[in-house]
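Please read the structure below before turning to the comments.
The values are calculated or read from the model by the stated rules, or taken from the named source; none is laboratory data. This is a predicted model, so every value here is computed, not measured. Methodologically, a virtual Cβ is constructed for each residue, glycine included, from the backbone with ideal geometry; neighbour enumeration extends over all protein chains shown.
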Ligand code: SF4
Ligand code: SF4
């Protein structure tokens, strides 16, 4: 599997993108009205590791997020989940993954 250092670097430069603080605890998934349709912690890990091809497979999930922020209320790491997902939309668009 190819690792894209450019993807990881570009993501880290997006203002306000704080997914690196994610503890991978799964609380967000438990609270999300979409449940397992969207797994923020997995999306964040893929982009931070530069796994571009895997991220491309998850573009529909990135766009399914309602940006409702229900997940953020109990995130123990204070991750701005909805803003990060919004940033992912920008990134997948820029990199033509969608
Ligand atoms: S609740 Fe926060 S720390 Fe836990 S998996 Fe979701 S984003 Fe990561
Ligand atoms: S902002 Fe997105 S990931 Fe968070 S609870 Fe709402 S739909 Fe789920």
Considering only residues that are surrounded by fewer than 17 Cβ atoms within 10 Å (Cβ to Cβ) and under 19 Å from residue 22 (Cβ atoms), which ones fall in the range 46-63?
48, 49, 54
Restricting to the range 1-31, and then to whatever is within 13 Å of ligand 1 (Cβ to nearest atom) and out of contact with any helix residue (DSSP H, G or I) (no Cβ under 8 Å at 6 or more places or on another chain), can you tell me which residue is farthest from residue 84 (Cα to Cα)?
30
Only one residue in 73, 19, 77 is crowded, with 20+ Cβ neighbours inside 10 Å and at pLDDT 90 or above, so which one is that?
19
Confirm whether residue 72 is within 16 Å of ligand 1 (Cβ to nearest atom), farther than 23 Å from residue 5 by Cβ and in contact with a helix residue (DSSP H, G or I) (Cβ under 6 Å, 6 or more places away or on another chain).
yes
